Amino acid sequence: MIPCRPYITSLTTVRIFLLLGTVFGMIWSVVTPPFQAPDEDIHFCRAYQLADGDLLPLTAGGTQGGCLPLSVIETITRVNPGLRYHSRDQRQDPGRILHYLQRPLEPGKTRFFAFPSGAFYPPAAYLPHVAAIWTGRLIGCSPLVMMYLGRWFTLLLWLLLVRAAIKITPTGRWIFMAVALMPMSLFIGASFNQDAVTNGLAFFTLAWLLDLSRKPGLLTRGQLALFALLVAAFALAKPGFALFALLFFLLPRAKARSQRAYLATGGLLLAAGYAAGLVWYNLAGSDLNWNAPFAGYEAQVAALLDNPLLFIRALLRSLWSYKFFYLRSHLGQLGSLDVVLPLHVLLPVLATLAVTACFNKGLLLAARQKAVLALVFLGLLVQAFLALYLTASPVAGPYCHGFQGRYLISVAPMFWLLWQNRLQGLGRRWRELAGPALFVLYLVVLSLATRVLFLRYY
């Protein structure tokens, strides 16, 4: 008889994540219809534009976009007409997918195509997508094949970044794994979406700094340069993400030569991050009114300057009124937000997050470190709502329009680490069972989510 105990106890967080993340990530990347993940069509257009070497958007007819092959435009607009606009009674025609898988690229036939909501996105978070398009061109693939390659390249990078985070973090391994395997997190990781890259980088950055905080000695130039590079990547992906620079203060003061150097370094990183983001968006000439059929950005700014409480009231009212939508779209509202997972799938995920947060083994965070995490989390939350209130909400309106729970995936580990307490000790026997229990739980949850996803579209 072969003993099973060693095999059971070998189900570590890293192995659980890689196994489930790889299997279900690949399944979802194929099952999900083309361009049916959030903003996938926009990200594909921007990635193709970058693959052509066009870093800045083109402007024509008063809107922004790029010069794309007709085959790309045709594939985006015709492979699943109407499906991307929340028509829940419509299904994907597999014949259309097979047809466009064989559609030749014909790169010489191009025209201007408008995608103003993403034409100004910086290139930093599109590296796997651009690599996929270059690979597709090299082997003579159709635009739709390039899209699938982009999903797989993105999934690979996301898996590697999250694996590294789980492996190096001195605390909260269960938290990182549980957040990464949330249906929404995994779905984004397996899609043609720049958020997969920023989420992975956010996980890695937090884990790396927590690991660095427990090591003795001064911060080296190489370590500081790496963190500055990460801050720049965040700021260029999304200007508000420059706030990640404050994670520098997770490190103890002893990492710097003096108190003044410690504070100055963190402040300079924060200022440089915001400056980099502002420089890029001014250079790209982004149109902040692209999504506002209202009076527009300038009028909204004027309204807030006249009465700053407008935004505070809109923020609180939105958080209360749409709390369940925010929670669902954070845990698991797949597709183009038209695949709503049932409560018997979402509630076990939420319970798992809470349990793994409370019964956490490893480094016990100091109160100062928790304060830093809370500040970054709340700061990014408020910034996201403010940006949407300025660009996508009626002037002086009562609500902030456009926020989705998936925007908080990158900072979710920060939130759950705040729940860390001194209940470190599950007994040895319980620790041995924790891995298999989490594996079975997420296997069931992700299997049920796969069924819901498939039945929605086919």
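Values in this text are rule-based calculations from the coordinates and carry no lab data. In this text, all values refer to a predicted model and were calculated from it rather than measured experimentally. All Cβ positions, glycine included, derive from the backbone under ideal geometry; neighbour counts span all protein chains shown.
For a Förster distance of 25 Å, can you work out the FRET efficiency between the beta-carbons of D211 and T135, rounded to the nearest 0.05? Approximately 0.15, to the nearest 0.05. Of G118, W134, G217, which is farthest towards the positive pole of segment 109-263's charge dipole, taken about the Cα centre with +1 and -1 on the beta-carbons of Lys, Arg and Asp, Glu respectively? Going by the charge dipole, the pick is G217.
Computed log10 I(q)/I(0) for the chain at 0.07, 0.11, 0.14 Å⁻¹: -0.37, -0.94, -1.49, from the Debye equation with unit scatterers placed on every C-alpha and solvent omitted.
The Cα atoms of segment 138-187 give a gyration tensor whose axes a ≥ b ≥ c have a/c of 1.5 or more with a/b no greater than b/c, which makes the shape oblate. Taking the square roots of 5 times each eigenvalue of the Cα gyration tensor of segment 216-264, largest first, gives ellipsoid semi-axes of 22, 12, 8 Å.
Rg then Dmax, both in Å and based on the Cα atoms of segment 65-216: 18.5, 60. In terms of Cα atoms, the Rg and Dmax of segment 1-155 work out to 18.8, 74 Å. Treating each Cα of segment 170-273 as an identical point scatterer and summing with the Debye formula, the log10 of I(q)/I(0) at q = 0.11 Å⁻¹ comes to -0.37.
Evaluated at q = 0.11, 0.20, 0.24 Å⁻¹, a Debye calculation over the C-alpha positions of segment 341-458 (equal weights, vacuum) places log10 I(q)/I(0) at -0.57, -1.14, -1.25. In summary, the helical segments of the chain meeting the span-like criteria, namely a full DSSP H run, a Cα extent along the axis of 20 angstrom or more and a mean Kyte-Doolittle hydropathy of at least -1.0, are 13-31, 143-168, 194-213, 221-237, 259-284, 343-358, 367-391, 428-457. This ranking places H43, H401, H99, H330 by how few other beta-carbon atoms lie within 10 Å of each, fewest first, which gives H99, H401, H330, H43.
Most tightly packed first, judged by the mean number of other beta-carbon atoms within 10 Å of their residues, the peptides 20-28, 140-148 read 140-148, 20-28.
With the cut-off at 1.5 for a/c, could you classify segment 21-113 from its C-alpha gyration tensor as rounded, prolate or oblate?
On the way: a/c = 1.71, a/b = 1.64, b/c = 1.04.
Taking the square roots of the gyration eigenvalues as a ≥ b ≥ c, segment 21-113 is prolate.
For segment 256-384, the C-alpha radius of gyration sits at 1.45 times the compact-globule guess of 2.2 N^0.38 Å, with N the residue count. Summing charges over neighbours of A196, with a neighbour being any other residue whose Cβ is under 15 Å away from its Cβ, gives +2 when K and R count +1 and D and E count -1. Computed from label points 7 Å out along Cα-Cβ, the spacing between E106 and L378 is 5.7 nm.
Ignoring aspartates and glutamates fewer than eight residues from K167 along the same chain, the ones with Cα atoms less than 14 angstrom from its Cα are D211.
If I stretch the segment between A366 and L268 completely, what's the gain in nm (0.36 nm per residue apart, minus their alpha carbon distance), one decimal? Don't skip to the answer; put the middle values down first.
Values: separation 98, 0.36 × 98 = 35.28 nm, distance 2.40 nm.
Fully extending the segment from A366 to L268 adds 32.9 nm.
Taking the alpha carbon gyration tensor of segment 309-393, multiplying each eigenvalue by 5 and rooting it gives semi-axes of 26, 23, 10 Å, largest first. Ellipticity at 222 nm from helices only: DSSP H runs of n ≥ 4 in the chain, each -39500 (n - 2.57), divided by the residue count, give -20000 deg cm²/dmol.
I need to check one value: relative contact order of the chain, counting alpha carbon pairs closer than 8 Å and at least 6 residues apart, in percent.
Numbers: 687 pairs, mean separation 96.5, N = 458.
Relative contact order, the chain: 21 percent.
Length available on full extension from V279 to L218: 0.36 nm per residue minus the Cα-Cα distance, which gives 18.8 nm.
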